[in-house]
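The values are calculated or read from the model by the stated rules, or taken from the named source; none is laboratory data. These numbers were taken from a predicted model, which means no experiment stands behind them. Cβ sites come from the backbone with ideal geometry, for glycine too, and all protein chains shown count toward neighbours.
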Amino acid sequence: MTTRPVLANTGAMKEFVGAFDVTSKLTGHVYECRFSYLWNGIATRHSDTIDTKFFVDGEVVMVGLAHTAFVKFRERSGRDLTDREASFIAADYLRERLEEEDVRPVYDVTHEDVLRLIEQVGVK
């Protein structure tokens, strides 16, 4: 059986992703970002997502990851994504959006984008 490394869910959830800065390519503004937590958006927002909460310049920003991509990942890899891995995927999406000065309170990340980000982050 092949064993693949995973980003284990160790430590406090708020420490899954360290604080990071993102510089807008358009304006040069530096966004200060801090991960807060992750939860199932299916119940809270009635959406088919895993939701992550960040603070961007002190304001709450939600990044909802399409749950269908989590199912597809499990079918392909034979394992579930960890909460920490999902948090890294959400952080990468947020970085991309902020670099383009696409600032909003809620992002719903499509199935295709979640799968693209899983590859980009290098989750196996």
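In segment 82-110, the residues that are within 14 Å of Gly64 (Cα to Cα) reach residues that are among the hydroxyl-bearing types (Ser, Thr, Tyr) and in a helix (DSSP H, G or I) with C-beta atoms within less than 9 angstrom, at least six apart or across chains, in these pairs: Tyr107/Tyr93; Val109/Tyr93. For segment 73-124, a residue qualifies if it is in contact with a strand residue (DSSP E or B) (Cβ under 9 Å, 6 or more places away or on another chain), modelled with pLDDT under 95 and polar (S, T, N, Q), and exactly one does: Ser87. A single member of Gly122, Gly58 is under 24 Å from Thr27 (Cβ atoms) and surrounded by fewer than 16 Cβ atoms within 10 Å (Cβ to Cβ), and it is Gly58.
Within the set Ile50, Ile89, the sole residue that is assigned to a helix (DSSP H, G or I), within 22 Å of Val22 (Cβ to Cβ) and not polar (S, T, N, Q) turns out to be Ile89. Scanning segment 64-81 for residues that are assigned to a helix (DSSP H, G or I), without any contact (Cβ under 8 Å) to a residue 24 or more places away in the chain and of a type outside the set (Lys, Arg) turns up Val71, Glu75. Residues in segment 45-74 that are closer than 13 Å to His111 by Cβ and charged (D, E, K, R): Asp48, Lys72. Output yes when any residue across segment 73-82 is of a type in the set (Phe, Trp, Tyr), under 15 Å from the mean Cα position of the chain (by Cα) and closer than 23 Å to Gly11 by Cα, and no when none is. Among the residues of segment 73-82, not one is of a type in the set (Phe, Trp, Tyr), under 15 Å from the mean Cα position of the chain (by Cα) and closer than 23 Å to Gly11 by Cα, which makes the answer no.
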